[in-house]
Structure formats: C-alpha cells, structure tokens
C-alpha cells in the first residue's frame, strides 16, 4: 500500500549524494505538478546541463558528456563547422558551399568569380554602358558605349585614348572642327580667303575716244557693298583696245573718285594702271590688257569700282574693235569686263 510523506526538503544522511529509490523503481510526477531541478539535469542523467535558452539556440556536444548552445544566426546565414572543425558556427555561405560569400546586394549587381573559390560583386553601370573585361583581363567592368555617350543631337564620338571613347558636343553655326593638343574641338572659322560675294560687269559693244585726260569707260563700272570693314576687294579687269602705230592707250583703276592702282610718281611721266599699244597686225588684231588688284577699302559703305581710259597723245583710241572695222570675218569685235570679289579677312 502506498504511503504519503510530506516534506519541504530532503537531504542526504551523509555526504552530498541523495538517492531516491533503486534502479528498478519508478518515480512519478503527477500531471500538473512542478518538479524543479535547481542546478539543471546533467547529460548523464538525460538532461542538457544548461539552465536557460533563447529562442533559436542550437545545442551541440562539446565533449562526450557535455553539451553547449549556439545562439541563432542572422537571416540567410548557414550552419557550418568552424575552421578548426571543433564546433558549428553561423556563416555566410561561401561559394564552395554553394553560396555567394556576400552579405548584401543592390539591385542590378552582378556576381563574378575573383578566384577559383570566391565570388564578388560588380555594381550596376549607368544607362547604355557596356560590359567588358578590364585592361588587366582580371575582372569585368562597365565602360561607356557610343550610345551612352551620345546624349544630345549633334554629339561627335572620338577616341580620347587607347580603347577609350569620349564625346564632343556639337559646335555653333559656321564653326569648324579643329585639333588642340591632339584633341578635336570646335573653333571659329579663320575666314581668311573666303569669297563672300562676286559681281561682274561686261562691255561687249564698241566705243572710242580722243581724250588725252582720263574718262570713264561706260559699261565698265560696278558697285559693291562690303559686309565687313576687314574685307578686301579683289578687282580684275580685262580690256581689248587698238590705236594707231606709235601711240598708246592708258587705263586707270578708280574706286569712287580715287585712283587706287597706279605707278609711282616719276617726273612728268603718266601714272597709269595698265596700257596698250598698236599690235601692227594690219589693223585687225587688238591689244589685250589686264588689271588685277586686291584693294583694302576698310568700309561697309557702297563702293564704285570703274575703269577710265585716255590716249597718250592726239589720236583716236578704239575699244573692243580697230579703226578699220571692215565688215568681214577677218576683223574682230571683242568683249571686256570688270569683276569684283569680296574676300573675308
């Protein structure tokens, strides 16, 4: 028959060991009752030897008769053996274990192997960049592509170095592409020698004179208005004339009322732009004469260029024909002209 003993404490009669029952005995703790082991239940007694836990703790053996606890790891970590193979630990999964070895990523990151057993990440590039191997052929890198550089209409792509592209934004109207220290750039056009406008007047009919002072040749007059004070005016005159043997015809180039292309003062000698004499070809051949002069008027006002002529002495000068002027194919009629060009500075 079972007996009931009530007590607050059981102590051994000697030493520190207290035995309750024998090996074949059964000790029953009724449902709802609390049985407290103050110092924990050892492994040999079927316990852990630990008195408290935190949610997520993992138990592992530290010896043949002892257990220890490993606190839980962080998100995405895995349980693996430590480097000494003596205990488990939480780690980021290495590439050799099927992981990445990385603890975090940013959207667009790329993973690549930086050795046979490790992975690393490359941050995403910018819009329209291309992926290529770096100069040392050790890792991928993002580089500018033609499309990534050309961001505005008119952009030009050029090599700024070996295997390196750069862009040059479009220039302004009338600028020209030039080089500065080997790098292309836009610059204002030098403009020198640029023809800005061309005008011409021709005289195809015949005329004559007996004047010994200069007078205009009607039909060899032209007006031009320079676009800049720095412009030059190139004047080209072609004439055909005839006079009797032993005499001459003189021509003078005039801007407005000023002779601009004549010989130097030399006593009483005539100062002219060009002249013509008798060709001695049976009154059939005319003498051709030309005037070419680059004038610097320094003006943007309308200018008049013209050709004047006179005979050297009392005689008759003929323009575009000869004195015989017989009506057959052996006697010519010629044409003369004056041309002006504005040349940009």
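Computed from the coordinates by the stated procedures, all read-outs in this text should not be read as laboratory data. Keep in mind the model is a prediction, meaning the values are calculated, not measured. Here Cβ is always computed from backbone atoms with ideal geometry, including for glycine, and neighbour counts include all displayed protein chains.
If the segment from residue 85 to residue 67 were pulled out straight at 0.36 nm per residue, it would be longer than the present Cα-Cα gap by 4.8 nm. In this calculation the C-beta distance from residue 181 to residue 158 is compared with R0 = 22 Å, giving a FRET efficiency of 0.95.
Entry note, the chain: the mean residue ellipticity at 222 nm calculated from DSSP H runs of n ≥ 4, each adding -39500 (n - 2.57), is 0 deg cm²/dmol after division by the residues and rounding to the nearest 500. Placing pseudo-labels 7 Å out from each Cα toward the beta carbon at residue 227 and residue 205 gives an inter-label distance of 3.5 nm.
Extending 7 Å from the Cα toward the beta-carbon at both residue 141 and residue 188 defines two label points whose distance is 4.1 nm.
Only one of the values (i) 61, 58, 41; (ii) 178, 38, 37; (iii) 85, 72, 52 was calculated from this structure for Cα extents along the principal axes in Å; name its label. It is the value labelled (ii).
Quick check on packing: order 54-63, 24-33 by the mean number of other C-beta atoms within 10 Å, highest mean leading. Write out the running numbers ahead of the final one.
Values: 54-63: 10.5, 24-33: 6.2.
By packing density, highest mean first, the sequence is 54-63, 24-33.
Let a ≥ b ≥ c be the square roots of the eigenvalues of the Cα gyration tensor of region 143-188; is it rounded (a/c under 1.5), or, if not, prolate (a/b larger than b/c) or oblate?
On the way: a/c = 4.42, a/b = 1.34, b/c = 3.29.
Oblate.
Let's test the formula: R0 of 41 Å, r as the Cβ-Cβ distance of residue 326 and residue 270. What FRET efficiency results, to the nearest 0.05? Calculated transfer efficiency: 0.80.
Just subtract the alpha-carbon distance of residue 212 and residue 120 from 0.36 nm times their residue separation and send over the number in nm, one decimal. Let's see the in-between values first.
Values: separation 92, 0.36 × 92 = 33.12 nm, distance 10.09 nm.
Gain on extension, residue 212 to residue 120, equals 23.0 nm.
Model label points for residue 105 and residue 27, set 7 angstrom from Cα along the Cα-to-Cβ axis, are 5.5 nm apart. In this calculation the C-beta distance from residue 151 to residue 198 is compared with R0 = 41 Å, giving a FRET efficiency of 0.45.
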